[in-house]
Structures are given as C-alpha cells and as structure tokens.
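Report on the following structure.
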Amino acid sequence: MISFVICRLAQSAGTLLGGAVITFVMLAASPGDPAERILAAQGKESVTPTAVAALRTELGLDRPLLARLWSYLRDVLTGDLGSSWSTGRPVIDELGSRLPATLRLTVAALGLAIIASLVLGLAAAWGSGRLLDHVSRLLSMVFLVVPSFLLGVVALDLVVVRSGVGVVISDGQWGTVLLPALILAVGSAASWSRVLRASLLGARSAPFLTVSRARGTTGLRRLLVHELPNSLPPFVTIIGIEVAVLLGGAPIVESIFSWPGVGRFTVQAVGARDMPVIVGFVMISIALFVAASLIVDLVNAAIDPRLRGR
Amino acid sequence: MKYPSPSSQTARRRSRPRSAAVAAGLAVALIASACSSDDDSDARATVPATESGDSVPVTAASAETDAAVPATTAVPAAADTTVGDTAAADRPTLTIATSFAIDDLDPIANSFWGPEFGYVELLMRPERDGTPSPWVLEDMTATDDTTWELTLRDDVVFQNGTVFDAQGLVELIEFCGDNNESFAAAAQLESIEVTGDGIVTLTTKVPVPSLRNVLADESNVPVFDVAAYQAHLDSGAEPAALLDAGLYSGPYVMTSLGEQSAELVPIDNYWDGEPALSALTIKFVPEATSRVQAVQAGEADIALYMPTVVATTLAGRDDAFYVTGVPTGTMFSVQLRDAGAYGDTDVRRALFAAIDYRALAEDVLDGQAAIAESVYGPTFPFAINTQVTDLDEANRLLDGAGWVMNGDGVRERDGETLTLRLLSYPQQPDSNTIAVAMQSQLGEVGFAVEVTEVPDLTAVREGDEWDAAIVGDSLMSFSLSPEDGLRSGLVTGGDQNFMQVSNDELDELVATLSTTFDESTRNDLLVQIQNVIHDNGLWAATIMRRPSVVTNAAWKGYEVPLANLWVTAKTAPSS
C-alpha cells in the first residue's frame with residue numbers, strides 16, 4: 001500500500017509539472033497583449049503605449065518565452081506561484097483567500113449530488129422497468145443535457161429575481177450556497193445516478209442474492225443491505241473522477257452567482273490574461289483532482305478488500 | 001423549457017415514505033437556509049449604518065460585512081468623533097454595484113475611485129461646458145500665462161480631524177508632482193508657495209491654459225492629508241491600515257473594504273452641508289448581468305457600467321430601469337490609417353461622408369446613443385456640426401479619385417479593389433456592432449469592408465494589417481479638456497496617433513491652443529481645428545455614447561453624472 005501511495009504521488013508531481021508547462025505555453029501563444037488587458041481590467045481610463053510598454057518590462061513579458069517558462073518553473077519548485085499581474089498580490093494569497101469559498105461550494109455540491117444520485121439511482125433500481133424508473137431516468141437525462149450555465153441563469157432569474165428567494169450576489173458563505181451548489185450538482189447527480197442504477201442492476205445477478213431471496217429477505221432490505229454495498233465501488237470511483245468536473249464547472253457557476261471563489265477569480269484572470277493566476281488555478285485543480293483520486297482508491301480498498309492487493 | 005424544482009421532485013416522490021422523508025427534510029433545511037441568507041441581505045441593504053451619534057451602528061454594519069466576506073478589513077470608523085450623526089436614520093441608504101474593485105485607499109495608486117464614490121475630493125470639479133468650477137478650492141485664477149493663484153476654502157477638514165490649510169495644499173501639490181508622472185507632465189510645475197491667508201501661488205514652466213482641467217482630473221491631485229500619509233509610509237504599515245487614517249475630505253468615509261464590497265458612512269460637519277445618505281455600500285460585481293439582477297432582486301439600487309444591450313432586455317420591466325445621461329464626448333471613433341488607398345484625402349472624406357450617423361445611433365444602437373454630428377459632445381460651446389451623411393458627395397469624391405464601381409458594386413482602380421480592413425474588439429461589444437453596420441453602409445458607395453474582431457487594441461497600436469478601427473475613445477480628457485485627445489491622437493508624433501496622420505495646419509493650431517488662455521480665442525481655435533479635421537478626413541466619431549446606469553424604482557430619477565462622479569454629498573433618490 002505504501003509503494004502504491006508513493007507511486008501515485010510521483011505521478012501527481014509529473015502531472016502537475018506537465019499541466020503547468022502546457023498551460024503556460026498555451027497562454028503565451030494565444031493572441032492579445034496581457035499588459036494592455038491588465039491596465040484595462042484595472043479600470044484605467046486611458047491606456048497609453050508608454051504605460052503598456054512599462055508594464056511589459058515590469059512583468060518580464062519582453063523576455064524570451066523559454067526564459068520566462070524556466071523562471072516560472074524554478075519559482076514553482078520553491079513554492080512560489082508568482083504574483084498576480086492584475087492585483088500585484090502573491091497568487092498563493094489570491095487563490096488561498098478564495099479557496100475556502102470554492103471548497104464550500106464544491107463540498108455542498110458534492111453532498112447534494114451524492115444524495116440526489118443515491119435517491120435517483122436507488123429509486124430507479126428498486127422500480128426497475130416501472131414508472132419510478134422511467135421518471136428517474138428522465139430527470140437524469142434532462143439534467144445531463146441542460147448545460148449548467150443555462151440552468152444557472154434561468155434559476156437565478158426565476159428563483160432569486162422573480163421569487164425573491166436567495167441572493168444574486170453571493171457572499172461565499174454557507175447561508176447562500178444552496179442555489180449555486182444545486183446548479184453545480186445536478187449534472188453530476190444525473191450522471192452518477194445512472195452509474196449507480198446500472199451497478200445495482202448488475203449486482204442483482206450475483207449468486208448470493210439468490211440465497212438472500214431464498215431466505216425471504218424483503219426487496220428493500222435486499223437493495224440496501226446486499227445490493228448497494230456491492231455496487232458502491234464503481235459509484236465511488238466515478239465520484240472521485242467527477243470531483244474534477246465539479247471543480248471545472250465552478251468557474252461558470254461562480255460567475256453566474258457572483259460567488260467569490262477561485263473559479264470566478266480565474267475567469268476574470270483569463271479575461272485579463274493574468275497568466276500566473278491561470279496557471280496557479282490549473283495546478284490547484286490538478287492537485288485536488290489527484291488527491292481526490294487517491295482518496296477514492298483508498299476508500300475503494302476499504303470497501304472492497306479484494307482491491308487492496310491490486 | 002421547464003426545469004423541475006427541488007420541491008416538485010419532492011412531490012413526485014411522495015408516494016415512497018422513506019425517500020420522501022429524506023427529500024423533504026433536505027428541502028426544508030436548504031430552503032430555510034436560503035431564506036435566512038435572503039433576510040440577512042435585506043437587513044444589510046436597508047438598515048442605516050448610523051442610528052446615533054456614536055459608532056455602535058457602524059460597528060454593527062462592519063461586523064456583518066466581516067461575517068459575509070472573509071477578506072474584509074473592518075475597523076472602527078476612521079474617527080468616531082466625525083462619523084455619523086443623530087439624524088442619520090431619517091436619511092436614505094444607497095447600494096451601488098460596480099464592476100471594478102477598489103484595492104485599497106492609497107492616494108497615489110488607487111484614490112481615483114474616491115471622487116466617484118464620495119470619499120475623496122478634488123481641487124476643481126469637471127463641468128459640462130469643459131470649464132471646471134472650484135471644488136475644494138474657492139477660486140483659481142491665472143494672473144499671467146505661467147502664474148496661478150489658488151484660493152483654498154477655509155472650512156475643509158480631513159476625516160481625521162486635521163484642517164486642510166494653504167501649507168497642506170502646497171505639500172499636496174508638491175507630493176503629487178513628485179510621485180505622479182502624468183500630473184507632473186501635464187502641470188509643468190515650476191514653483192508653489194503660500195502667499196496669503198489661504199492663498200497659494202503656483203507657477204508653471206510653460207503656459208498651461210488647461211491647468212484647471214488638470215486639477216479636475218481624478219487621476220492627478222486627490223485631496224488628502226500628506227503628513228498623515230507620509231506617517232503611514234514611514235510606519236511601514238500595510239495599505240489596509242489606511243482605512244483608519246482618515247486621509248481624505250469627502251462627505252463619506254470608508255469604514256470597511258473587502259474583496260466583495262466597501263461600506264461608507266457620512267461624516268459630521270462636512271463643509272458643504274449634511275451628506276444626503278445615511279450609508280453607502282459599494283458592491284464589486286464584475287459580471288454585468290449579475291449587476292442588473294442585483295438591482296432587480298433588491299440587492300443594489302444602482303448598477304454601473306452597463307452595455308447598451310441591457311436597455312433592450314429591461315424594456316417593459318418595472319423592477320429595473322435603464323437610465324441615460326447627457327453625452328459628454330465619449331464616443332466610438334473611426335481610427336483611419338493614413339496609408340495605402342486611405343492616404344488620399346478624398347477617399348478618407350468619402351468614407352466619412354458615407355457613414356449614416358443617424359442610423360448608427362438610432363437604429364443600430366436602438367437610440368441608446370446620440371447622433372455624432374460633431375467630433376465633440378453637444379454640450380461644449382465650441383462644438384460644430386461637421387459630420388454629415390452625403391452619399392452623393394462620397395460617390396463624387398471616389399469617382400474623382402479614380403475608383404470606379406465594378407459590376408459587383410465594389411470600386412476598383414488599376415485592378416486594385418477598394419478594400420477597408422476594419423477592426424473591432426470584444427472589450428467594447430458595441431464596436432463590433434458598429435463595424436458590421438458600417439460594412440453595410442460603406443458598401444453602398446463601393447467600399448469592400450472586411451470586419452475582423454481582434455482580441456484587443458494591440459493590433460491597432462502595433463500592427464499594420466488594418467485600415468480602420470472602431471475604438472471607444474474621446475477627444476476630451478476625463479476632466480473634459482478638449483486639448484488632450486488632439487495632442488495624443490491627432491498631432492504628428494502623438495503617443496496615441498496610431499493612424500500616423502500628420503497635418504501641419506492641425507499641428508500649428510493645436511500648438512497655439514495649448515498656450516492660449518482667452519476663452520473666446522480658444523473656442524475660435526477649436527472651431528478651426530474641427531474644420532481642418534473634417535476637410536482632411538482625419539478622424540470621425542460614429543456615435544456619441546450616452547452614459548448609463550440601471551436603477552431600481554426609487555432611484556429612477558438618478559441623474560447620470562459627469563466624469564463618473566456617481567456619489568456626491570447631494571446624491572439622493574429623487575422623483
């Protein structure tokens with residue numbers, strides 16, 4: 001198990017490095033001038049060529065790409081993600097101050113998605129082939145195909161603006177997390193419920209369930225006590241993988257709901273071509289994804305002893 | 001398309017008791033959570049921050065902000081003795097949603113936000129006719145071409161209680177001259193000294209007729225307590241500490257500043273009367289849609305920086321209103337490079353004559369912009385109407401220049417097509433709308449217009465793969481000086497003369513204007529300058545932008561101000 005963890009950590013470091021290099025090069029190759037965007041994003045009324053040139057020099061944008069990349073990677077290895085070009089503050093501080101809000105949103109969405117997918121998946125499997133199954137699958141299908149930005153905009157208008165429930169400008173605290181978390185969760189919940197349903201139906205053909213049925217176990221008890229535990233590993237695995245999807249969806253949902261998290265800040269950074277912030281966000285996302293995958297592997301090993309030796 | 005709400009999903013599951021119990025419990029908990037947050041928000045928006053003469057209510061407002069925004073720096077009001085008053089509860093509050101965040105209260109780096117939101121003042125105030133009026137100064141008079149006498153009001157007090165006197169004014173201008181390059185370049189300071197009771201005499205190295213405008217520009221000389229700021233710098237404290245330094249003299253003092261919002265309260269004994277608001281909240285919301293929805297949901301009274309498309313989306317609604325002001329000279333211009341086919345004056349004039357200025361403002365932008373009949377805004381006494389749509393004239397000029405219409409309706413000369421590579425950019429969404437409309441208009445007289453949306457104005461500043469660009473700009477400075485735009489954008493070698501135009505007559509007129517004090521002579525010069533611009537096809541405005549905001553019903557009568565001075569001591573809801 002220890003060698004497994006060490007191996008995964010080494011892979012994670014390589015993934016982080018690769019992600020940083022790819023993001024850095026892609027941003028450097030994209031059109032537009034970061035210095036000009038930054039001055040505009042700061043609300044300066046007139047952006048003069050002199051000011052743009054001075055900022056370019058200050059940010060080192062007049063240096064060759066490889067030199068800039070090398071400097072950046074060297075700093076990253078020493079734990080320095082650089083400073084935001086827009087605000088001048090260290091990227092670690094900028095992202096760090098916003099990370100709790102994003103984690104609140106993601107955790108809430110994760111919780112809602114798990115609960116909703118369990119309810120939908122169990123309902124579909126229990127009433128397999130009947131109305132409950134069809135309704136559950138229809139809901140899953142709808143939530144899968146409707147993009148979260150559309151759902152968010154519509155929900156904001158209908159729920160907050162027209163009905164007066166909730167807030168438009170979220171403060172990033174638990175009190176205002178419901179609606180954005182719900183929007184962030186629905187796509188994942190739909191996807192996970194489908195996986196759970198398929199897994200539960202697959203588990204029904206296991207021989208031990210024949211024995212359980214022969215012993216007169218009720219349908220609901222069979223579902224919850226025998227089928228569900230044996231169906232959890234694929235369900236847990238996809239949750240781990242899709243934590244990245246939740247994080248990836250956070251910038252959109254955070255922007256729609258003015259949620260003061262890392263994702264919204266990164267969207268603004270993309271607009272301003274604030275490269276240190278963008279690369280920092282990518283690295284944090286990769287790190288969280290890798291950590292989530294590792295946790296999932298460990299949880300799966302705990303749930304299913306057969307996986308511990310693999 | 002209809003989306004099932006959590007409650008409707010709950011209803012569907014009601015036939016299964018255990019599932020229903022789980023879902024109902026979850027829904028009740030979550031809805032209760034949402035409702036409580038809504039209540040919090042309402043309380044924050046409506047409860048006056050100051051209810052009595054002490055600082056308790058201020059502290060309460062700050063504490064709430066603390067709970068809501070982790071990064072907020074909250075302090076007791078700058079000087080408790082100066083903050084709030086007993087009548088505050090009777091006064092309205094105002095919550096503004098704006099797109100730009102205020103980073104800190106540093107007077108050199110970030111004070112330009114201050115005059116906009118009522119916590120910083122300037123020496124002079126911009127006016128619609130282009131001639132600033134005294135603000136913190138009582139009078140400003142030129143005694144000769146390079147000497148100015150500045151008379152300071154005798155009742156201005158900083159929020160920390162220090163009186164702003166003549167010596168403070170000298171220190172302020174000297175400090176800004178030493179630390180603000182653009183101010184130093186514009187003001188050309190030679191000397192400054194106290195020469196009487198509340199009187200300061202300032203000399204410049206060269207004549208600077210527009211010095212009043214320089215002092216009315218929010219980026220130049222914010223009024224602040226230099227000694228207190230110097231003490232802050234010497235202490236090595238973080239910029240956040242400026243929150244309780246009481247550096248400024250505005251009617252409102254900031255009591256908390258976070259990444260999401262800022263809270264301000266009125267000060268007692270403000271020199272220009274009692275501030276009209278009991279509390280001012282500024283919310284930083286980069287997304288335009290969210291700012292509008294914040295007004296609709298009652299979380300903000302006024303939303304700033306509105307795209308014109310918002311006017312259409314709000315038509316017929318009674319929860320938010322698109323309110324426009326008088327155009328002040330901010331516009332979308334046609335930057336036309338003096339190169340290739342467009343090096344020919346007749347072709348340039350033909351292009352400008354073929355633009356349908358009325359249609360751009362009234363049809364394309366749905367009346368949300370004013371017709372650009374002049375290159376200056378309509379409120380300036382020197383503005384003359386030089387921009388006239390005349391397709392016959394355009395055709396005549398192009399015919400005369402040898403550009404012949406081919407069978408496809410495009411003009412050619414010696415096998416070369418009269419192509420116009422027209423750029424727009426996404427930071428100003430209307431620029432692309434205007435460019436596409438102009439493609440159609442110019443096509444009527446034979447221009448083959450290729451519209452390209454570039455990522456930003458770098459292509460204009462540095463590239464040569466373009467003939468024209470639709471740029472959001474103005475010939476007026478932020479403080480409405482008519483010279484600045486001419487000097488930087490149209491004079492030979494100007495630092496923003498990306499069109500590479502060069503006209504000796506214009507250069508000479510602008511040079512004369514830059515040293516002329518007499519108002520009547522200046523106006524005559526500006527008329528001549530506008531004629532030269534027109535006769536040589538140097539530059540054109542496509543539309544005049546109307547400053548706009550979105551308000552709720554209570555603030556529907558809000559007068560959109562000049563130079564973004566959104567909040568003053570007098571700002572209040574009006575019918």
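The values are calculated or read from the model by the stated rules, or taken from the named source; none is laboratory data. Values in this document were obtained by computation on a predicted structure and should not be read as measured data. Cβ coordinates were reconstructed from backbone atoms using ideal geometry, including for glycine residues, and neighbour counts include every protein chain displayed.
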Practice task
May I ask you to say which residue of B:Thr542, B:Thr521 is surrounded by fewer than 21 Cβ atoms within 10 Å (Cβ to Cβ) and of a type outside the set (A, V, I, L, M, F, W, C)?
Solution key: B:Thr521
Practice task
Say whether the condition of being at pLDDT 90 or above, within 14 Å of chain A (Cβ to nearest Cβ), closer than 24 Å to B:Asn432 by Cβ and touching a Phe, Trp or Tyr at 6+ places or on another chain (Cβ under 6 Å) is met by at least one residue in segment B:314-324.
Solution key: yes
Practice task
Starting from residues that are surrounded by fewer than 21 Cβ atoms within 10 Å (Cβ to Cβ) and charged (D, E, K, R), keep the ones in segment B:218-243 and report whichever is modelled with the highest pLDDT.
Solution key: B:Asp234
Handout entry: Pick from segment B:265-292, criterion in a helix (DSSP H, G or I) and among the β-branched types (Val, Ile, Thr), ranking: surrounded by the most Cβ atoms within 10 Å (Cβ to Cβ)
Key = B:Val292
Practice task
Residues being touching a helix residue (DSSP H, G or I) at 6+ places or on another chain (Cβ under 6 Å) and under 15 Å from B:Gly489 (Cβ atoms): count how many of those fall in segment B:328-360.
Solution key: 2
Exercise for the section: Assess whether B:Ser424 counts as being touching a strand residue (DSSP E or B) at 6+ places or on another chain (Cβ under 9 Å) and small (Gly, Ala, Ser). Expected result: yes
Exercise for the section: Pick out the one residue from B:Leu506, B:Leu486 that is assigned to a helix (DSSP H, G or I), over 24 Å from B:Arg125 (Cβ atoms) and among the hydrophobic types (A, V, I, L, M, F, W, C). Expected result: B:Leu506
Exercise for the section: Collect the residues in segment B:144-169 that are free of Cβ contacts under 8 Å to residues at least 60 places away in the same chain and surrounded by fewer than 19 Cβ atoms within 10 Å (Cβ to Cβ), keeping them in residue-number order. Expected result: B:Asp144, B:Thr147, B:Glu149, B:Thr151, B:Asp154, B:Val163, B:Asp165, B:Gln167
Handout entry: Number of the exception - B:Gln159 against (1) within 24 Å of B:Leu243 (Cα to Cα); (2) in contact with a strand residue (DSSP E or B) (Cβ under 7 Å, 6 or more places away or on another chain); (3) in a helix (DSSP H, G or I)
Key = (3)
Exercise for the section: Please identify the pairs in which a residue from segment B:227-240 that is in a helix (DSSP H, G or I) has its Cβ atom under 7 Å from the Cβ atom of a residue that is of a type in the set (Gly, Ala, Ser), counting only partners at least 6 apart or on another chain. Expected result: B:Ala228/B:Ala245; B:His232/B:Ala241; B:His232/B:Ala245
Problem - Residues located in segment B:504-534, provided they are touching a residue at least 24 places away in the same chain (Cβ under 8 Å) and more than 26 Å from B:Thr146 (Cβ to Cβ) - result: B:Glu505, B:Val527, B:Gln530, B:Asn531, B:Val532, B:Ile533, B:His534
Exercise for the section: Starting from segment B:286-312, keep only residues that are within 18 Å of B:Gln368 (Cβ to Cβ), then list their pairs with residues that are of a type in the set (Asp, Glu) and at pLDDT 90 or above whose Cβ atoms are within a distance under 8 Å, requiring at least 6 positions of separation or different chains. Expected result: B:Val295/B:Asp301; B:Val295/B:Asp319
Exercise for the section: Kindly list, by first and then second residue, each pair from a residue in segment B:436-463 that is at pLDDT 95 or above to a residue that is surrounded by fewer than 20 Cβ atoms within 10 Å (Cβ to Cβ) and small (Gly, Ala, Ser), limited to pairs with Cβ atoms under 8 Å and residues at least 6 apart or on different chains. Expected result: B:Ala437/B:Ala359; B:Gln441/B:Ala359; B:Gly443/B:Gly409; B:Gly446/B:Gly409; B:Val449/B:Gly443
Handout entry: From A:Val245, A:Val211, residue being assigned to a helix (DSSP H, G or I), surrounded by fewer than 18 Cβ atoms within 10 Å (Cβ to Cβ), without any contact (Cβ under 8 Å) to a residue 12 or more places away in the chain and not charged (D, E, K, R)
Key = A:Val211
Practice task
Filter segment B:457-500 down to residues that are of a type outside the set (Ser, Thr, Tyr) and more than 29 Å from B:Arg212 (Cα to Cα), then give me how many there are.
Solution key: 15
Problem - From B:Arg212, B:Arg128, residue being farther than 17 Å from B:Asp225 by Cα, assigned to a helix (DSSP H, G or I) and under 28 Å from the mean Cα position of the chain (by Cα) - result: B:Arg212
Completion exercise
In segment B:407-435, anything part of a helix (DSSP H, G or I) and either over 19 Å from B:Ala372 (Cβ atoms) or in contact (Cβ under 8 Å) with a residue 40 or more places away in the chain (or both) is listed as B:Pro429, B:Asp430, B:Ser431, B:Thr433, B:Ile434
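Let's see how each residue does on (1) of a type in the set (Gly, Ala, Ser); (2) in contact with a His (Cβ under 7 Å, 6 or more places away or on another chain); (3) more than 30 Å from B:Ser477 (Cβ to Cβ):
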residue: B:Val323; (1), (2), (3): no, no, no
residue: B:Arg348; (1), (2), (3): no, no, no
residue: B:Asp356; (1), (2), (3): no, no, no
residue: B:Ala359; (1), (2), (3): yes, no, no
residue: B:Val375; (1), (2), (3): no, no, no
residue: B:Gly402; (1), (2), (3): yes, no, yes
residue: B:Thr419; (1), (2), (3): no, no, yes
residue: B:Gln428; (1), (2), (3): no, no, no
Exercise for the section: Kindly indicate whether B:Asp318 is touching a strand residue (DSSP E or B) at 6+ places or on another chain (Cβ under 6 Å) and in contact (Cβ under 8 Å) with a residue 40 or more places away in the chain. Expected result: no
Completion exercise
Filtering helices (runs of 4 or more DSSP H) wholly in segment A:89-170 for at least 3 residues that are within 18 Å of the chain's Cα centre (by Cα), more than 8 Å from chain B (Cβ to nearest Cβ) and crowded, with 23+ Cβ neighbours inside 10 Å gives A:91-126
Handout entry: Matching residues, segment B:448-487, being within 12 Å of chain A (Cβ to nearest Cβ) and among the polar types (S, T, N, Q)
Key = B:Thr452, B:Thr458, B:Ser474, B:Ser477, B:Ser479
Fill in the blank from the handout: Expected single match for assigned to a loop (DSSP other than H, G, I, E, B), more than 14 Å from every other protein chain (Cβ to nearest Cβ) and not hydrophobic (A, V, I, L, M, F, W, C) among B:Thr516, B:Thr521, B:Thr512 is B:Thr516
